[in-house]
Amino acid sequence: MSLHGYTSAELAGVRRMLRFCGLLTLALNTAGSIADRQYGTALVDTVGPALLMGWSEVGPWMLRQIHAVSPAASSADKKKEENRNQELRQVTPAVVRPPVLPPALLARARKLDAEHRAAAGRPISRDNLRAQLRIGRDRASALVAAVRAEVAAGDREALPQAA
């Protein structure tokens, strides 16, 4: 509300409500400790409500000051920035580096995939491979992708070449 131009007088009701909530929270937080005569604990329990009451006073003023120093960008500026970001995304391809997979683990994944293909007629799933190799989800995903890419490349090489 403060950023949208409401004056301090218009925010008075909201600030009174925040003060009331702060005092109520203060009473609830400290009542048990004071009843048990644990004054140190009661003192520590006052920190949250004190911050709540302090921010109800200082917060709106601070937000107005921050907004005065760095006003929000206009919609034209936002549109221009978004267009620039879109152009950069189109020009700059994303560089995805495949994870380094241990050769022994990759060989074992190949073997399990081949056995699964022979038995079920389809590639092994990530979760099935993960369970059999007792590895994490991300590593299992990388192994499945690598094995399927190898199988796909092998299928392309096995196709007869058109003359």
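Just so it is clear, none of the values below were taken in a lab; they were calculated from the coordinates. Since this is a predicted model, take the numbers as computed values, not measurements. When we count neighbours, we look across all protein chains shown, and the Cβ atoms used for this are built from the backbone with ideal geometry, even at glycine.
Rounded, prolate or oblate: which one fits the range 1-74, using the alpha carbon gyration tensor with axes a ≥ b ≥ c (rounded when a/c is under 1.5, else prolate when a/b beats b/c, else oblate)? Prolate is the answer for the range 1-74, as a/c is 1.5 or above and a/b outweighs b/c. With each label modelled as a point 7 angstrom along the Cα→C-beta vector, the residue 106-residue 134 pair spans 2.4 nm. Each of 16, 117 was scored by other Cβ atoms within 10 Å of its Cβ. Listed from fewest to most, they are 16, 117. The fewest-to-most ranking of 144, 14 by surrounding Cβ atoms within 10 Å reads 14, 144. Which residues in the range 1-30 place their backbone N less than 14 Å from a point set 7 Å from the Cα of residue 79 along the Cα-to-Cβ direction? No residues fall inside that zone. Summarising the label geometry, the points placed 7 Å from Cα in the beta-carbon direction at residue 17 and residue 150 lie 6.4 nm from one another.
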